[in-house]
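Reading through the structure tokens given below for one structure.
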Amino acid sequence: MSQLRIAGGIVHDPANGIDGEVRDICMDDGRIVADVPKGATTIDARGMVVMPGGVDMHSHVASGSVNLARRLLPEEHDRDPMRAPALVDGEPPRSGTGGTVPSTFTTGYRYAGLGYTTVFDAAVAPLTARASHAEFDDTPIVDGGFFVLMGNDEYLLRQIDAGERDRAREYAAWLLGAAGGYAIKVVNPGGIERWKQGARDRTDLDTAIGATRVTPRAILETLVDAGNALGLPHAAHIHCNNLGVPGNVATTLDSMRAVGGRRAHFTHLQFHSYAAPDKGGGWRSGARDVIEYVNAHKEISGDVGQVMFGAATTLTADGPVEYMLHKSSGRKWVNVDLELETGCGIVPHTYKEKAAVSALQWVVGLELFLLSADPWRMVLSTDHPNGGSFLSYPELIRLLMDRTYRDEHLKRVNQKWLGGSALADGIAREYTLNEIAIVTRAGPARLLGLRGKGHLGAGADADVTVYVPDADRSRMFATPRYVVKGGTLVVEEGQLRRAPAGRRLHVRPSYDAAVTRDLKRFFDDRSTVSFENYPVGTLRDAPAALDGERGSGR
Amino acid sequence: MTAHVTCLGCGCACDDIEIVTRDGVIGDAKNACELGVRWFGDGRVPARCRVAGRDVSVDAALAAAADLFARATRPLVYLAPDISCEAQREAAGIADALGAALDSVTSATAMPSILAAQERGRASATLGEIRNRADVVVLWCLDPAVAYPRYLSRYAPESAGRTFIRVDIAAADEVATLTVLAAIVSGHAVDKASPTGPAWARARELAPRLLAGRYVAIVADAEAAADDTEPRDPGRASALIALAQALNGPTRAALSLLRAGGNRSGADAVMTSQTGYPMSVDFAHGYPLYRPHDGAAEARLARGDVDALLLIGAAALVPADVLAQMARVPRVVIGPRSSESPLNQGDVVIDTGIAGIHEGGTALRMDDVPLPLRPSVTGPPDAAGVARALGRLVRSRREVSAR
């Protein structure tokens, strides 16, 4: 691979304590190096802003449920066709369609065009992991991986019910490797199983799951402990119970306390930070309570799941949420119950400035950002495409960096439930470029345990984005001038020029072989897929290293 | 012996088959149903490669194929059954590079259910959920034993606490009955109006039996039967989805729409992931356009809007109406038993193995659960590899002509 120098740019590399210094960034053979010879290809970046490539730690881009969402949205695709880009060499360019759930190749091109070089799909049912890998194979440029859905899986619930937490941990280790996933994902622990059983009421931390002794609390404890005991690079990634329900801030805080003192990541907290003070159906922001808890507890982290006004597609393993949304909005609805594991629900949605709930959600998300004391632990996401497309990140960055713009926007939205909220009372904070670099790359990379990502120190992956400064931060972040991925110049002069295949990011923890003997019996009894046909097998890229004594298995 | 083999004889994709071979020939397909045994056969397939009826090398055949598409202005790429998702992905890439139309068997056999799911969504489940949870199983105008022989034994076996409701009504009455049923289970006070007629009587009788279930599975065929003397109402799939969705108010329910074999669901999924649409796509403008009605392969062929066809898959499994049209156009046929198929007089004919018998890769069960394919005997070149080579050739010719 060729050598490359990005010369004279204003570098923001917060992981290495560099905040706006003029420096050269040099690359050789796909890695950042201290220097390259004079003759190396040089990009004149004087006056431009240089950051590590973007890292999206929570998106939905490559899964069976994403593909069902794509299929549901021909009208969106009709409005947003994308020609094959004019690539100069390498892989054949492919056309596609966009909308809130773009086709695979278009997803890769558009993420790279936005300066993102790493993307995780946050919810994959292991039963369908093969399809996710195939979709990632067709999603060029970005390095990708996914989180494996647990917490409503029958085998896990049985182990917890039987008090077999060690076996539950070994099962989680096996399952991550079998699926080729990167982290443990918990969605509405126990609540999806309850939905399958016909329950329609709230699932709280101590609600029994069916006729068992299992509770969401026990599920959270088990999986958070498993993630930490296995030395996984990323903590258990938790989507709490009661998403979208007014008053759910209590559930969210209960969940955080339930795993108190332990490393855990709480995702799209915006959707979990609603207060219901008057019991009369009114909603209020609960963001302050949640962010104060996060600020005070260094072992936990979160991402925001900001809502952006406009079209979105809500798509989640949390089936009961989508049933509620379908009932309230009347829009088309997909529900698929996935055997022994999880659910899947999809409803297209539009967040409207003039709608009270949308406006409140928008405010709650911004409050989480603006009241966060530590950008390393509260990072940017829209839970694409749930809160809005990843293409809205530049607009979100503008809202964070430009108070005047934000306050003007705030005046236009429905004020019904905004009274007493921190944002309505006025928040002066404006994110700096360095803080943006933290919440969009350095922070997520650190939370994911990606040592080669999110920074520009020697040895890091040569993933670099170069922006032209612009007072309109939305314009600046929407159109990077240069993007380098793994040392390859993929965006030149704002045009996508190369689209190399990305790498797969996954883990393969070793496990106690005894668990597979038990699992084989379980599969024979309960599964419609042979135990032998379940694992995805060896992946092209090597698994990531694990912390601690436990090594990678077969 | 090869164990845990996935059968693509129908969309059930049973993955518990044991293939016993003797001297490179399949001697037994244990656990397979009659349909599966027929699908596996003895594993012997032709391995010819022909241009204009003459035997040639694969390279020569691919060069001739690329020549044909270099001259074409309205090419069609068609995904026939019995190829892996990997081959389907390659074929879709060829269509994109050629600016071709791209379609699969689905448009001719299951379009109403695809369109209905795009309009309404779905209330569905993977088959194991039905097996483990459904206490009421409705067989809607369907005897699974005919085209899906192991569906019931594998996914809805008789058991204590499971009730089967077999509904068998005339095609003309289906939509009315389903619509009334959906209204009743939604709690609309239809009794007060007291309409009469067979649909109302039937729906009133069925509704309480459905509502008695804690988890209701409605099983219906999404495929058009080849010998369908009584054509289905085009609104049937939509009405089935509406009923399944409505049942999720008072109880839980899933609609299981059955699909035939050969990885048809894989074709829908691959087209969707790469283009955003599950069938009937046109790349003529340089990007995918959805043309589910006038752009389906059958309609295109019928009006003479195809000047070169690339069929990838088992030609013999393409519906007869479509096949008859295909026989009239210049064509490249790549797939299992191409040289013995009704399209064997094509310009270029390349035999490949059958996905799941000679070739590995991935296929999707009718509920979109992906399964690995385990080849049990050796065969001719694999379809994915041939398609990949053709794709490279097609793209390099286009790059040359662009300069």
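Residue separation times 0.36 nm, minus the C-alpha to C-alpha distance between A:ALA356 and A:ASP472: what's the value?
Working it through step by step, the gained length comes to 39.0 nm.
Does the protein assembly as shown classify as rounded, prolate or oblate by the C-alpha gyration tensor (a ≥ b ≥ c root eigenvalues; a/c under 1.5 gives rounded; else a/b over b/c gives prolate, otherwise oblate)?
Cα axes put the protein assembly as shown in the oblate bin.
Among A:28-36, A:444-452, what's the highest-first ranking by average C-beta atoms within 10 angstrom per residue?
Highest-to-lowest ranking by the protection proxy: A:444-452, A:28-36.
Taking every DSSP beta bridge with both residues inside region A:241-381, roughly what % is antiparallel (nearest 5)?
In region A:241-381, approximately 75 percent of DSSP beta bridges are antiparallel ones.
With labels modelled as points extended 7 Å from the Cα through the Cβ direction, what inter-label distance (nm, one decimal) is found for B:THR21 paired with B:ALA70?
In this crude label model, B:THR21 to B:ALA70 measures out at 3.8 nm.
Report the calculated FRET efficiency for A:ASP44 and A:ASP547 (r = Cβ-Cβ distance, R0 = 56 Å), to the nearest 0.05.
E(calc), rounded to 0.05, equals 0.85.
Once the other residues with Cβ under 11 Å from the Cβ of A:HIS12 are scored (Lys, Arg +1; Asp, Glu -1), what is the net sum?
Local net charge: -2.
Residues of A:329-335, mean number of Cβ from any other protein chain within 10 Å of their own Cβ, rounded to a whole number?
Counting Cβ atoms of other protein chains within 10 Å of each residue's Cβ and averaging gives 5.
Calculate for chain A the 222 nm mean residue ellipticity that helices alone would give, adding -39,500 (n - 2.57) per DSSP H run of length 4 or more and normalising by residue count, nearest 500 deg cm²/dmol.
Helices in chain A give a 222 nm mean residue ellipticity of -9000 deg cm²/dmol.
Of B:ALA314, B:ALA267, B:PRO292, which is farthest along the charge dipole of region B:240-323 in the positive direction, counting Lys and Arg as +1 and Asp and Glu as -1 at C-beta?
Value computed over the given set: B:ALA267.
For region A:51-496, what is the charge dipole size about the Cα centre, in debye to the nearest 20, if Lys and Arg each add +1 at the Cβ and Asp and Glu each add -1 at the Cβ?
700 debye
Angle, helix B:58-71 long axis vs. longest principal axis of chain B, Cα atoms, 0 to 90°, nearest 10?
The helix B:58-71 is inclined about 80 degrees to chain B.
May I ask you to sort A:LYS185, A:LYS354, A:LYS196, A:LYS38 by Cβ crowding, counting other Cβ atoms within 10 Å and putting the fewest first?
A:LYS38, A:LYS354, A:LYS196, A:LYS185
Once the Cβ-Cβ distance between B:GLU158 and B:ASP321 is put in as r, and R0 is 41 Å, what FRET efficiency do you end up with, to the nearest 0.05?
For B:GLU158 and B:ASP321, the calculated efficiency is 0.60.
Order of B:LEU152, A:LEU418 from fewest to most other C-beta atoms within 10 Å?
Starting with the residue having the fewest Cβ neighbours, the order is B:LEU152, A:LEU418.
Residues in region B:17-48, backbone N under 20 Å from the label point at A:ASP524 (7 Å along the Cα-to-beta-carbon vector): list them, ranges by number please.
B:17-19, B:30-32
How far is it, in nm, from the label point at A:ARG31 to the one at A:THR538 when both lie 7 Å from their Cα along the line to the Cβ?
2.4 nm
For the charge dipole of region A:51-496, defined by +1 on Lys and Arg C-beta atoms and -1 on Asp and Glu C-beta atoms about the Cα centroid, which residue among A:ALA199, A:HIS455, A:THR465 has the Cα displaced farthest towards the positive pole?
A:ALA199
For A:SER328 and A:GLU154 in the same chain, what is the full-extension length gain: residue separation times 0.36 nm, less their Cα-Cα distance, in nm?
The span from A:SER328 to A:GLU154 would gain 59.6 nm if fully extended.
Once Lys and Arg get +1 and Asp and Glu get -1 on their Cβ, which of A:GLY108, A:PRO37, A:GLY9 lies farthest toward the positive end of the dipole of region A:3-125?
Farthest along the dipole direction, towards plus: A:GLY108.
With +1 on each Lys and Arg Cβ and -1 on each Asp and Glu Cβ, and nothing else charged, work out how big the dipole of the protein assembly as shown is about its Cα centre, in Debye to the nearest 20.
700 debye
Sorted by packing (mean other beta-carbon atoms within 10 Å per residue), highest first, where do B:101-107, A:135-141 land?
B:101-107, A:135-141
Under a plain spin-label model, where a point goes 7 Å from the Cα along Cα-to-Cβ, how far apart in nm are A:LYS411 and A:ASP374?
So the two model labels end up 3.8 nm from each other.
Among the lysines, which have Cα under 30 Å from the Cα of B:LYS30 when same-chain residues fewer than 8 positions away are ignored?
A:LYS520
Report, as an integer, the average count of C-beta atoms from other chains found within 10 Å of each Cβ along A:129-139.
Per-residue shielding by partner chains comes out at 4.
For region A:51-496, just run the numbers: alpha carbon Rg, then divide by 2.2 N^0.38 Å, N being how many residues it has.
Region A:51-496 yields a ratio of 0.92.
Suppose a student asked you for the relative contact order of chain B, using Cα pairs under 8 Å spaced at least 6 residues apart; what percent would you report?
Relative contact order, chain B: 28 percent.
Suppose the Debye formula is applied to equal point scatterers at every Cα of chain B; what is log10 I(q)/I(0) at q = 0.09, 0.10, 0.12 Å⁻¹?
With no solvent term, the Cα-only Debye profile gives -0.57, -0.68, -0.93.
Order these by the 10 Å Cβ neighbour count, fewest first: B:PHE164, A:PHE105, A:PHE266.
B:PHE164, A:PHE266, A:PHE105
Using the crude model of +1 on Lys and Arg Cβ and -1 on Asp and Glu Cβ, and no other charge, please compute the dipole size for chain B relative to its Cα centre, in debye to 20.
600 debye
What average number of partner chain Cβ atoms lie no more than 10 Å from the Cβ of the residues making up B:276-287?
Across the residues of B:276-287, the mean count of other-chain Cβ atoms within 10 Å is 5.
FYI, it's all coordinate maths here, none of it is from the lab. This structure is a prediction, so every number in the text was calculated from the model and none was measured. As a convention, Cβ positions derive from the backbone with ideal geometry for all residues, glycine included, and neighbour counts pool all protein chains shown.
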